[in-house]
Structure formats: C-alpha cells, structure tokens
Amino acid sequence: MSDRTPLLEVRDLDVHLGESHVLHALSFDVARGGITALLGRNGVGKTTTLRGILGLVSRAGSVRLDGEELVRLPVHEIVRRGVGYVPEDREVFAALTVAENLALAERKGSPRKYDLVYDLFPELRERAAQLAGTLSGGQQQMLALARALLNGDNRILLVDEPTKGLSPLFVGRVATALERASHETTILLVEQNLAVARKLAGAAIVLDQGRVRFTGTVEALVSDPDLARSHLGVATAAAHA
Amino acid sequence: MLLAITGLGLGALYFLVACGLSLIWGLMRVLNFAHGAFFTVSAYCGWLAANALGAPGSWTAWLAAVAASIAAGGAFATFAELALVRPLYRRPVGQVLVTVGLALATIALVQGSFGSDPRDFAVPAWMGKTTAIAGAAIPNTRFVTIAAAVIALGLLVFFLRRTRYGLIVRAGVENRAMVSALGIDVGRAFTLVFAIGGMAAGLGGVLAATYYGSIDPGRGSAMLISAFVVVVLGGLGSVAGSAVAAVLVGLVQQFLNFYAAAGVGDFAVVILLAVVLLVRPRGLFGVS
Amino acid sequence: MSGSRLRALGCAVALLVLAALPACGVTIPGLFEGPLDAPGTLNLLALCFVFGTLALSYDLVFGYTGLLSFGQALYFATGAYVTAIALAHWNLDLPRALGITAAIALVLPLVVGAICLRTKDIPFAMVTLAFAEAGSIFVLQNPWGLTGGEEGLTLPSAALPAALVGVTNTRNLYWLALGLLAVAFVVAWWAVNSPPGRVWQAIRENERRVSVLGINPYLYKLGAFVSSAFLASSAGVVYLLIQGGANPEITSASFTLVLLVMVVLGGVGTLWGAVLGGIAYEYLDVRLLGLSSAPALANLPPFLHVPLSQPLFVLGLLFIVLVLFFPGGFAGAAQSLRARAGSAAGVR
C-alpha cells in the first residue's frame, strides 16, 4: 500500500557561495514518510543543501519532488507545492505579533492546522498578541515550527537544527512536535544533536565537504564508532547522552 | 505660529513623498531616484485635468486635479516597476541607475513639453484665503495639505496593519527571503509598494501645486532630496518614522530659515542627514 | 607587437591627430557646425575633453574602487569656484589662485572622504549626496557675495594671462583641455595598474577579503576618493577657463547623476570607456540643442520634436536602454564584439 518511490530526489546539486564551491554534485534520495536526518560536521553544507532545495541560493542540478522538477521554479512556487521550512536561526518576524507570524504562514487552499499547533504549543495561543521579537529563544523556535506545521498539505518539511541553543525541556518539546508531524508528512532534518537525530530519525545521510559520504540508517551510523568518528567527528559515547 | 504651521505643511509634503520612498527602500532595497519624477509628472497631469474639467478655481477642477494626480502617480510608478525595476532584480546597482535614467528623461520631457518656467495652478478661492489662529493669519492651503497628509498616513497605517498585503510588506521589510520561503510571491508586493508610493507622491505633487500656487519641473528633484533626508532620519521602511521625521525636518527648516538666515535651514537639514547616516544608519525607527 | 603596446601606440597617434586639429581646416558636415579649426568647434571639443577627464575621475572612484559616490560634482565645482573666487574677488594672479585651489582640492576631499567612508554602500552614497547638496546650497546662498549665487561668477578677463583670453586663443584652451585629458589619462592608467590600484579593484570585488589579508581598505578607499576628487577639481579649473565663469548648475545633484550616466554609458571600470562616455555626453548635450532648431528636426511632428530636442531625455532613454541591455556600456559592447570577432575568426 505504501508508495516506495522516494519523495525527494536530489541529483548533482551544485552550489557556489561567493568564491567557495560549497556543494559538489550532491545526490541523495529522501524516502517517503518518516524522518530522514541530514548529518555532518559544522560547515559541510547541510544548511546550504536545504536552501538549495528551496532555491534560496542559486544552484545547478536537479531537485524532484514526487517526480516534479523544482529547480526552475521561483522560491514561492516551490514552497506552494507543499514544502515547509524551519530555518536555522528561526527567522521569525520580530516586528509582527505571534498571531501575525502564523497568519502570514497560511497558504491559500491549504487546510489550517491551528488545533495541532495550539495543542503542541499552547503558549502561542496565549501570546498571540505579543511581538515575536520579545519571545524567548525557545518560544521563537516553537513559532518557527508552528509556521511549518500550520499547512496541512505540506508533503515535506525541511527543518534546520531546531534544537540549537535550546534548553533540554524545549529540546524535548521539539522532538515531540517533530515526531507527531512525521505521522502525516515527511521530514528532512538537519541536526547536530545526535541524540535527537537518533531518537527521531530512521534514515540518515551524512555530508562531508559538500558531498554525500554515507547513506543508511542512523543506527548503523551510530553503532559503528569508526564511522561515527570519521563522518561526524564525535565519539559515539557522547551520542548516548 | 505661522512658522509652525508652515513647517507642518512642508512636513506634510515631505511625508507624502518620503513614505513611498521609505517602503520601496525598506522592502525592495531600491533607492528610487525616479520618485521626484513621479511627483512632477503627477502634478502636471493634475494641472492638465484641472484645466480640462471645470472652471479654473472651482472645486470640481481642483478635485479632478487631485484625483488625476493620484491616479497618474500610481500608474506611472506601476509602469516603472514592471518595465524597468523588475527586470533588474538581480542587479541592485542597475536598479538604482535605471531610476536615475528615468528621472532624467522624464523631467527633461516635462521641461520640453511645458517649458522650464512655473505655470500657475488655480486653486479654489477659499484656499487662497487665510484663517486666523492664535493671532496669526494662516493660509488655508496649509490646513488642506496637513489634513490630506494625515488622511494618507491613516490609510497607510490601516493598510499595513490590517490587510494581508500590508502584513506581507511589513514582514518583507524585515526579511524578504523568509517571506518567499513561506510561499508568498514578493514580486506582487513590490509592484504594490511602488504603486502606493507613486500615488502618495502624486498626492504630494498636487498638494505642493496648491501650496505654492504653481507647478514647476524642478520641484520634484528638490523635494526628493528633502524626502531622502526624511527617509533616512525616520528609518528605512518605517512609515511612522517618516511621519515623525517629516514633521521634524519641516519645522527645523522653517525655524532656522527664519531665525538664522535664508538657506541655513536647508543647509542644516542636509548636515543632519549626514550626521544621522554616520551615527545611526538605520535611522530613528528603522528596521535595518 | 603586443596588445598593450599596440594600444599605447594607438593612443599616441590619436593624441597627435587631436593636437593637430586646430591647424586643420577640414569641415565634417553634420558632426560639427563649422570647420575643425573654427573657435566654435574647438570650444566644443575642449569642453568634451574636460568632461572626458571628469568622467575619468569618477570612473576611478566608482568603476575601479566600487564606491558609489553621489558627490563628485562637489569637487568639480570646487575647482571652478575656488579659482574663480581667487581671481575675481581676491585679485590673485593665476599661479597663486591655482595653488590655493590645489590645496583646497586636496584637503576638502580628504576631510569629506574621511567622514563619508565611515559608511558603506547606500548610506555612503547618501552621505556623499548630502555633502554635495550642502555645497550646492552654500553656493546658491552667495555667502559674503563670493559665489554669485544663482547667476554664477564671471571671470574678469584682466585676471587671466592674455594667452587664455579671447576668441582667437580658443586653440590654446583647446590644447590645455587636451593636455589635461592626456595627463589625467596617463595618471589614471598608471594608478590603476599600480599596487594601490589593484587594491582598489580588489576592494570593489570583495572588501572583506582585502581586510582579511591585512590591508586596511579604509586608507585605500580614501586614497581613491582624494585622487579622484583632485582630478575632478583640475577638470573644474579648465572648465572655468573655457567658460570664462562658474555657474551653480555644476554643483547640483543632477549634475553628479549625469556624471554617473557618462561613466556607465562608456563602460564602468574601463578608462577609455569613461573618457568616451564623457566626450559623447557633452557632445550630445550641446549638439542636440543645436540640432533641435535645425530644419530637419524642426519639421518633425511635435511629439517627436519635443523629446528629441531635450538632450537629457535622449540621454536618459539611452541610459535606461544601456542599463537594461548593455550593462557594460560602450566598452562592454566593444569587448563583446571583439570577442565574437575573435571566435568567428577561429582565433580561440
């Protein structure tokens, strides 16, 4: 019953940022359903990959969502095809209220999942009239996630380091939210926090210097200390934290 | 008192020109040198409309002028954005340059068609009279100008705070890329902002014509410089900031021009621009 | 012969030809109203050379260093006005007047540049605009009767050496302007190919990388700013001599914008392109005005006649077309033509 074809196919994605060649003919698939983790050390190009998929940086190559080529479309058209985005650093609109931030994220024709959002993050309902710039880091992350979860017809969510700089309590809440979302949509998750990645993700893709170095399961990656050290630069003992 | 109201009146004119500039710069990062041209062309269109419809000096003629001016400003600005600015989206310096070219060409065309000398602009009789306030006789044109600017400010604030496109503009001023990443076509907001700026400049043009009793091809460029000062002072992208800054600039200019010497006010305002840019480039209320 | 030596030879030949023009009685119909040695033609050409120098100076700061300054007119006007004031009001002789002008032409951009360069990009453009506006207002206000306000300042002919006064001596002014352009071009060429010049171009490309290399971009930008301003002031002095007076139009913001048009027209970042842009602009500016009363043009229907008789309209339109379709200006178009010719001939 379940469709086995990959949801997202990235082929030969090439990105230059200024003078540096950040992504080199990057190719990988994201399976339909569940959470796929995009891992790697700092600076290998994980964020750039997400931005390349969305078209926020200029790129060459091919990105197919359910077979449809995205690379020639403008950013907003790509997003309208059902792509949700939670950027690193959240990027909520500080001068707008929480409610306005959410309203902006509403897409025409998409079912609005305010009930899901307010269930996961009740403080967003309480603080609806508060300026987003005055929220704490954790609360802003909730808002950023809520924006992506709001549209019920998102086929894939691109989530970039949602637990960065958060207290353990908020990390847990982010994990819960992502886990719930993964029942209905596919998630490509960039994470530095291996524990979170391990808990949430099934599949893993590891990048190194703008190239794919490993695809497989998170378990396989984490249970082989050599692999973990060479690809992620961490001792796997820490991953059990 | 006369000075204060005159300062407010000038401030009102500056605001009308500056608010569009501020939004265009804030949202699109385009320094629109053609804004002065929008102002001038609209004023001339208003003048033409007034002469064509209704007796000179009648209210119908004047209202026709106002309507024509606003419409012309909006139309011209929309055309400019679609035809010239949008194709140069990836070349910000090119965008500024093309507005410079447009400004030069348009003003030259106006000069060629209507001559460089100012033409009389007939205003309804009531406006030519004065009303006494606190012992000073103030020409009624000042009140009209201030009232119109306040209405425009109100409409603008309503638009920004209560409509979806206003929301898009406010968010876009802060972070344009993220707005696209929410699935919103910012290009449409760009055109809209240009159109609004054009309409405001058009209103400014016809009101300046009313205020001075004449239209003049060179006034737009002079207004543009003052408008730049207001935009930078008030903060790029902030309409409220532009309003406050416009009042400030208008008042400072009037008082200094009177109490010091003619021209000192203008000079001071320009120096103020330099100082603010050096100390706080974002302006008083700017969203950088 | 190598490419650059060929070009240098070409420049030398061009210079010789131009220098010989005043001796040449040939008439080129349409291009000029009179024969080449007529005072009117020489006057026009001299002005063209002045504007070529001015455009060149702006290219140094905008084209090579990447600083979008809207205040270049200020320095051109400084050259003209300071010399004019020194000659007309302070009754100095020419050498002393020039000395004072040179001093001010160095100090003013140093101070203004030091202040303005604390900002970057658009704020920088606006601060330079602000100072230029301040200068314009200052001139128009005619403080202490020095600048002549709106009417400008005419030079009393007694103040100048005889060789520069009078219609018959137009050729001397012509040679002066040509000499200025030649010297300016050589200086500019030497500057951009020197180590500081390379730093300027690196700054234009990527300022952060320059500072990361341990070089202080601020000083180099200031250097470009001051050199460019000094060249502009010299052009202003020659302008004054040719025109016999200074007028406030040269202080206006629209004049700097016109400068911008000149440089972009010719090709940003190429020296000879900017020179051509300046020459072309001034030529069109003067000739179009003259042409508009010519019978051929006067018979056109008003909706064609009016726009075409306004030089700024034609230039503005040309400028828009160039920016949209030929961002490299003349020079860029020439380069791509050359490239296409090269590949067509199989030289690649």
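The values are calculated or read from the model by the stated rules, or taken from the named source; none is laboratory data. Because the structure is predicted, anything quoted here is derived from the model rather than measured. When we count neighbours, we look across all protein chains shown, and the Cβ atoms used for this are built from the backbone with ideal geometry, even at glycine.
Among (1) part of a helix (DSSP H, G or I); (2) in contact (Cβ under 8 Å) with a residue 12 or more places away in the chain, where does residue A:125 come up short?
So residue A:125 meets the others, but not (2).
Considering only the range C:156-177, state which residues are in a loop (DSSP other than H, G, I, E, B) and over 30 Å from residue C:15 (Cα atoms). Write out each step before concluding.
Within the range C:156-177, the subset in a loop (DSSP other than H, G, I, E, B) is C:156, C:160-161, C:165-166.
Answer for the range C:156-177, where residues must be in a loop (DSSP other than H, G, I, E, B) and over 30 Å from residue C:15 (Cα atoms): just C:156.
As an exercise: evaluate residue A:31 against (1) within 13 Å of another protein chain (Cβ to nearest Cβ); (2) touching a Pro at 6+ places or on another chain (Cβ under 7 Å) and give the number of the one condition it does not meet.
Failing condition for residue A:31: (1).
Exactly one of these conditions fails for residue A:46: (1) under 16 Å from the mean Cα position of the chain (by Cα); (2) among the basic types (Lys, Arg); (3) at pLDDT below 90. Give me its number.
So the condition that residue A:46 fails would be (3).
Going by the conditions given, is residue A:150 within 26 Å of residue A:37 (Cα to Cα) and under 13 Å from the mean Cα position of the chain (by Cα)? Before the answer, list the steps.
Details: within 26 Å of residue A:37 (Cα to Cα): yes; under 13 Å from the mean Cα position of the chain (by Cα): no.
In short, no.
In the range A:49-65, which residues are within 14 Å of chain B (Cβ to nearest Cβ) and among the polar types (S, T, N, Q)?
A:58
Any idea which of C:66, C:166, C:52 is at positive phi and either among the hydrophobic types (A, V, I, L, M, F, W, C) or surrounded by 20 or more Cβ atoms within 10 Å (Cβ to Cβ) (or both)? Break it down stepwise before answering.
Details: C:166 fails: either among the hydrophobic types (A, V, I, L, M, F, W, C) or surrounded by 20 or more Cβ atoms within 10 Å (Cβ to Cβ) (or both); C:52 fails: at positive phi.
Checking each option against the conditions leaves just C:66.
Read through the list (1) among the β-branched types (Val, Ile, Thr); (2) without any contact (Cβ under 8 Å) to a residue 12 or more places away in the chain; (3) in contact with a Gly (Cβ under 8 Å, 6 or more places away or on another chain), then give the number of the only condition that residue B:93 fails.
(3) is the only condition that residue B:93 fails.
Confirm whether residue B:224 is crowded, with 24+ Cβ neighbours inside 10 Å, modelled with pLDDT of 85 or more and within 14 Å of chain C (Cβ to nearest Cβ).
On the way: crowded, with 24+ Cβ neighbours inside 10 Å: yes; modelled with pLDDT of 85 or more: yes; within 14 Å of chain C (Cβ to nearest Cβ): yes.
Yes, satisfied.
Which of the residues that make up the range C:106-145 are surrounded by fewer than 18 Cβ atoms within 10 Å (Cβ to Cβ) and more than 14 Å from every other protein chain (Cβ to nearest Cβ)?
Correct list: C:106, C:107, C:110.
Quick one: how many residues across the range B:140-196 are among the small types (Gly, Ala, Ser) and more than 13 Å from chain A (Cβ to nearest Cβ)? Don't jump to the end; show me each part of the working.
Within the range B:140-196, the first condition is being among the small types (Gly, Ala, Ser), and the residues that meet it are B:147-149, B:152, B:154, B:166, B:171-172, B:177, B:180-181, B:183, B:187, B:189, B:195.
Filter again for more than 13 Å from chain A (Cβ to nearest Cβ), leaving B:147-149, B:152, B:154, B:195.
So the count comes out to 6.
Can you name every one of the helices (runs of 4 or more DSSP H) wholly within the range C:198-281 that holds 2 or more residues which are within 14 Å of chain B (Cβ to nearest Cβ)? It would help to see each step written out before you state the result.
On the way: elements: C:207-212, C:217-243, C:253-266.
By residue number, C:253-266.
Can you list the helices (runs of 4 or more DSSP H) lying wholly within the range B:205-288 that have 2 or more residues being closer than 28 Å to residue B:175 by Cα, of a type outside the set (Phe, Trp, Tyr) and under 16 Å from the mean Cα position of the chain (by Cα)? Before you say what the answer is, go through the steps one by one.
Values: elements: B:219-234, B:239-259, B:264-279.
Answer list for the range B:205-288: B:219-234, B:239-259.
Within the range A:103-152, track down each residue that is touching a Phe, Trp or Tyr at 6+ places or on another chain (Cβ under 8 Å) and surrounded by 16 or more Cβ atoms within 10 Å (Cβ to Cβ).
The answer is A:104, A:124, A:132, A:138, A:141, A:142, A:143, A:145, A:146, A:148, A:150.
Looking only at the range B:240-284, filter to residues that are out of contact with any Phe, Trp or Tyr (no Cβ under 9 Å at 6 or more places or on another chain), surrounded by 19 or more Cβ atoms within 10 Å (Cβ to Cβ) and under 20 Å from residue B:27 (Cα atoms); which one of those is nearest to the other protein chains (Cβ to nearest Cβ)?
Checked the range B:240-284; the qualifying residue nearest to the other protein chains (Cβ to nearest Cβ) is B:281.
Tally the residues that are at pLDDT 85 or above and part of a helix (DSSP H, G or I), restricting the search to the range C:104-123.
So the count comes out to 13.
Could you tell me whether residue B:103 is in contact with a Leu (Cβ under 8 Å, 6 or more places away or on another chain), surrounded by fewer than 14 Cβ atoms within 10 Å (Cβ to Cβ) and either of a type outside the set (A, V, I, L, M, F, W, C) or more than 7 Å from chain C (Cβ to nearest Cβ) (or both)? Walk me through it before giving the result.
On the way: in contact with a Leu (Cβ under 8 Å, 6 or more places away or on another chain): yes; surrounded by fewer than 14 Cβ atoms within 10 Å (Cβ to Cβ): no; either of a type outside the set (A, V, I, L, M, F, W, C) or more than 7 Å from chain C (Cβ to nearest Cβ) (or both): yes.
Spelling it out, it is not the case that residue B:103 is in contact with a Leu (Cβ under 8 Å, 6 or more places away or on another chain), surrounded by fewer than 14 Cβ atoms within 10 Å (Cβ to Cβ) and either of a type outside the set (A, V, I, L, M, F, W, C) or more than 7 Å from chain C (Cβ to nearest Cβ) (or both).
So, of the residues in the range A:66-76 that are farther than 20 Å from residue B:167 by Cβ and surrounded by 15 or more Cβ atoms within 10 Å (Cβ to Cβ), which turns out to be nearest to the other protein chains (Cβ to nearest Cβ)?
A:73
It is to be established whether one or more residues within the range B:116-137 are within 30 Å of residue C:281 (Cβ to Cβ) and within 14 Å of chain C (Cβ to nearest Cβ).
Filtering the range B:116-137 down to residues within 30 Å of residue C:281 (Cβ to Cβ) leaves B:116-119.
Okay, now just the ones that are also within 14 Å of chain C (Cβ to nearest Cβ), so B:116.
Scanning the range B:116-137 turns up at least one residue that is within 30 Å of residue C:281 (Cβ to Cβ) and within 14 Å of chain C (Cβ to nearest Cβ).
Does any residue of the range C:57-76 turn out to be under 14 Å from residue B:274 (Cα atoms), part of a loop (DSSP other than H, G, I, E, B) and within 12 Å of chain B (Cβ to nearest Cβ)?
Looking through the range C:57-76, at least one residue is under 14 Å from residue B:274 (Cα atoms), part of a loop (DSSP other than H, G, I, E, B) and within 12 Å of chain B (Cβ to nearest Cβ).
Residues in the range A:14-26: is at least one aliphatic (A, V, I, L, M), over 16 Å from the mean Cα position of the chain (by Cα) and on the phi > 0 side of the Ramachandran plot? Lay out the reasoning, then the answer.
In the first step, residues of the range A:14-26 are kept if they are aliphatic (A, V, I, L, M); the result is A:15, A:17, A:22-23, A:25-26.
From what's left, over 16 Å from the mean Cα position of the chain (by Cα): A:15, A:17, A:22-23, A:25-26.
Okay, now just the ones that are also on the phi > 0 side of the Ramachandran plot, so A:25.
Yes, there is a match, as at least one residue in the range A:14-26 is aliphatic (A, V, I, L, M), over 16 Å from the mean Cα position of the chain (by Cα) and on the phi > 0 side of the Ramachandran plot.
Looking only at residues that are of a type in the set (A, V, I, L, M) and free of Cβ contacts under 8 Å to residues at least 24 places away in the same chain in the range B:27-54, which one is surrounded by the fewest Cβ atoms within 10 Å (Cβ to Cβ)? Outline the logic, then answer.
Start the filter on the range B:27-54 by keeping residues that are of a type in the set (A, V, I, L, M), which leaves B:27-28, B:30-31, B:34, B:37, B:41, B:43, B:48-50, B:52-53.
Right, trim to free of Cβ contacts under 8 Å to residues at least 24 places away in the same chain and you get B:48-49, B:52-53.
Values: B:48: 17, B:49: 22, B:52: 11, B:53: 15.
Taking the candidates together, the pick is B:52.
Name the residue, out of A:122, A:111, A:168, that is away from chain B (no Cβ under 14 Å), within 22 Å of residue A:65 (Cα to Cα), over 18 Å from the mean Cα position of the chain (by Cα) and not polar (S, T, N, Q).
On the way: A:122 fails: within 22 Å of residue A:65 (Cα to Cα); A:168 fails: within 22 Å of residue A:65 (Cα to Cα).
Unique residue meeting the criteria: A:111.
Can you find a residue that is in a helix (DSSP H, G or I) and in contact with a strand residue (DSSP E or B) (Cβ under 8 Å, 6 or more places away or on another chain) anywhere in the range C:127-141?
Here is the first cut: in the range C:127-141, the residues in a helix (DSSP H, G or I) are C:127-141.
Filter once more, so that each one left must be in contact with a strand residue (DSSP E or B) (Cβ under 8 Å, 6 or more places away or on another chain): none.
No, the range C:127-141 has no match at all.
Residue by residue, here is whether (1) crowded, with 18+ Cβ neighbours inside 10 Å; (2) at the interface with chain B (Cβ under 9 Å from one of its Cβ atoms); (3) at pLDDT below 70; (4) closer than 19 Å to residue C:260 by Cα holds:
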{"residue": "C:286", "(1), (2), (3), (4)": "no, no, no, yes"}
{"residue": "C:294", "(1), (2), (3), (4)": "no, no, yes, no"}
{"residue": "C:299", "(1), (2), (3), (4)": "no, no, yes, no"}
{"residue": "C:306", "(1), (2), (3), (4)": "yes, yes, yes, no"}
{"residue": "C:312", "(1), (2), (3), (4)": "yes, yes, no, yes"}
{"residue": "C:319", "(1), (2), (3), (4)": "yes, yes, no, yes"}
{"residue": "C:330", "(1), (2), (3), (4)": "yes, no, yes, yes"}
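Filter the range A:162-180 down to residues that are in contact (Cβ under 8 Å) with a residue 60 or more places away in the chain and crowded, with 19+ Cβ neighbours inside 10 Å, then give me how many there are.
Number satisfying all stated conditions: 2.
Quick one: count up the residues across the range A:31-82 that are in contact (Cβ under 8 Å) with a residue 60 or more places away in the chain and among the basic types (Lys, Arg).
4
Which numbered condition in (1) outside any helix (DSSP H, G or I); (2) crowded, with 24+ Cβ neighbours inside 10 Å is the only one that residue B:57 fails?
(2)
In the range C:147-180, how many residues are within 14 Å of chain B (Cβ to nearest Cβ) and touching a Phe, Trp or Tyr at 6+ places or on another chain (Cβ under 9 Å)? If you could, list the steps in order and put the result at the bottom.
First pass over the range C:147-180, keeping only residues within 14 Å of chain B (Cβ to nearest Cβ): C:147, C:149-150.
Within this subset, residues satisfying the condition of being touching a Phe, Trp or Tyr at 6+ places or on another chain (Cβ under 9 Å) are C:147.
So the answer is 1.
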